[in-house]
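Worksheet: the structure to be examined is printed underneath.
The values are calculated or read from the model by the stated rules, or taken from the named source; none is laboratory data. All values derive from a computational prediction rather than experimental measurement. Using ideal geometry, Cβ is built from the backbone for each residue, glycine included, and neighbour counts are taken over all protein chains shown.
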Amino acid sequence: MTTKTDKMKIAILSGKGGTGKTLLSVNLAAVAQKASYIDCDIEEPNGHLFFKPENLTEEVVTVKIPQVNPALCNACRQCVEFCRFNALAFIMDRPIVFEEVCHSCGGCSLVCPQNAISEKDKGIGLIQKGQSEQVSVYTGILNIGEASGIPIIKRLLTMEQEEPSPLTIIDSPPGSACNVMESIEDADYCILVAEPTLFGAHNLSMVYDLVTLFKKPFGVVLNKCLEEENPAEKFCEEKEIKILYRIPFDQELGLLNSNAEIAVRKSEKYRALFASLLDIVIQEINHETNSHS
Amino acid sequence: MKIAIPMNEKTLNSSVSAHFGRAPYYLIYDTETKESVFIDNSASASRGGAGIKAAQVILDQQANALITPRLGDNAADVLEAANIEIYKSIEGSAEDNINALLDKKLARLSEIHPGLHDHKNR
């Protein structure tokens, strides 16, 4: 049913949570012949609830954190002055590290004239990999209280590269901040999911700005569409943005989704819906790559 | 003894700032000389870790006590490691708070928020 895919990476984004990123990501990955699904929403990953992957393997993701050797420290304070994130304080004649504030730049150990600062590994979260039918499922999980999940997203994307699937679906975090930028960095195409509300249009404009800034080819999927006026659709028309698909407001689909079921595996109707959506996206990507090559 | 208070204005009769880390000024009051010095908070414009840097400013002024309405975990860790006493401010001016502290009428902040440092146990 779906056309041939040739190592495509598609990132699914939205300006806010709850628009249908995971619905779309999970169902697109499941409807493809063979795919990787990467959950980059590391603060609250939920794609695994749908896929229920088996044969799980885990990998801890670590960052480098400074460690001060008090015997070598001469109390010059250069490390404390250097840190723009204020992750070091100078108390009782020696530097104290605030691990959760540290951004692991390694600068303090470079500026230390005494070589008193070394780096140690600190776990910030983990990656789970498993299989759900034909889909390889990658889940990034950031530990509670950690400031940045970027290292986990980086590792997720490189890990998938080690065993690449013909189609990779990246379920991005909500919003348009650093996490999202990291998740779309290597994407060939971005799908922006939007709700038919004023708020939805506002959030769409945020991710629209982001993908435009990153010069990514993209299109919009309008989710939960009703008969009435759709401010997100209006936004697309004003900006001349390609609308890939309109998913209707549908209680049956909503119910399947809220029961953590993958709609395309449960119903022929939804299999057809997401298969035709995937076809449209793939055609769009082929069109984009041809017109730019 | 030196007392530090986060301030929005540089006068003794203005109120205590609601924000410790991002307050524009600190009052450093010396109880022996009765001298008031207002210093700029170099942490107020920090991108991150303002509480840690602000606590560092207080620490570098050799303050013995801090009066503040609230305080974050990291700042509290710095101040406690440096044995600086932390008191909860009351309604009123900086001067009222200094007098209340001297009359031993101010409560310790950590006693009001026992959960303040729970992240140490994680």
Those residues of the range A:85-99 that are of a type in the set (Val, Ile, Thr), at the interface with chain B (Cβ under 7 Å from one of its Cβ atoms) and closer than 13 Å to residue A:67 by Cβ come to a total of 1
With respect to residue B:52, is the statement that it is more than 10 Å from every other protein chain (Cβ to nearest Cβ) and either in contact with a Ser or Thr (Cβ under 8 Å, 6 or more places away or on another chain) or not acidic (Asp, Glu) (or both) true?
-> no
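Based on this model, can you work out whether residue A:57 counts as more than 14 Å from chain B (Cβ to nearest Cβ), closer than 30 Å to residue A:31 by Cβ and assigned to a helix (DSSP H, G or I)? Steps first, answer last, please.
Numbers: more than 14 Å from chain B (Cβ to nearest Cβ): yes; closer than 30 Å to residue A:31 by Cβ: yes; assigned to a helix (DSSP H, G or I): no.
In short, no.
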May I ask you to say which residue of A:97, A:101 is over 30 Å from residue A:133 (Cα atoms), among the hydrophobic types (A, V, I, L, M, F, W, C) and in contact (Cβ under 8 Å) with a residue 40 or more places away in the chain?
-> A:101
Can you tell which of B:59, B:71 is within 30 Å of residue A:82 (Cβ to Cβ), outside any loop (DSSP other than H, G, I, E, B) and under 12 Å from the mean Cα position of the chain (by Cα)?
-> B:59
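What residue, among those in the range A:134-145 that are farther than 15 Å from residue A:56 by Cβ and either among the aromatic types (Phe, Trp, Tyr) or surrounded by fewer than 19 Cβ atoms within 10 Å (Cβ to Cβ) (or both), is nearest to the other protein chains (Cβ to nearest Cβ)? Steps first, answer last, please.
Restricting attention to the range A:134-145, the residues satisfying the condition of being farther than 15 Å from residue A:56 by Cβ are A:134, A:142-145.
From the residues that got through so far, the ones that are either among the aromatic types (Phe, Trp, Tyr) or surrounded by fewer than 19 Cβ atoms within 10 Å (Cβ to Cβ) (or both) too are A:134, A:143-145.
Working: A:134: 39, A:143: 9, A:144: 9, A:145: 7 Å.
This residue is A:145.
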Would you check if residue A:38 is modelled with pLDDT of 95 or more, surrounded by 24 or more Cβ atoms within 10 Å (Cβ to Cβ), in contact with a Leu (Cβ under 9 Å, 6 or more places away or on another chain) and in a strand (DSSP E or B)?
-> yes
Where in the range A:150-262 are there helices (runs of 4 or more DSSP H), lying wholly inside it, with at least 3 residues that are touching a residue at least 60 places away in the same chain (Cβ under 8 Å)?
-> A:150-162, A:178-184, A:198-213
Considering the range B:63-102 alone, what residues qualify as being polar (S, T, N, Q) and either within 14 Å of chain A (Cβ to nearest Cβ) or in contact with a His (Cβ under 8 Å, 6 or more places away or on another chain) (or both)?
-> B:74, B:83
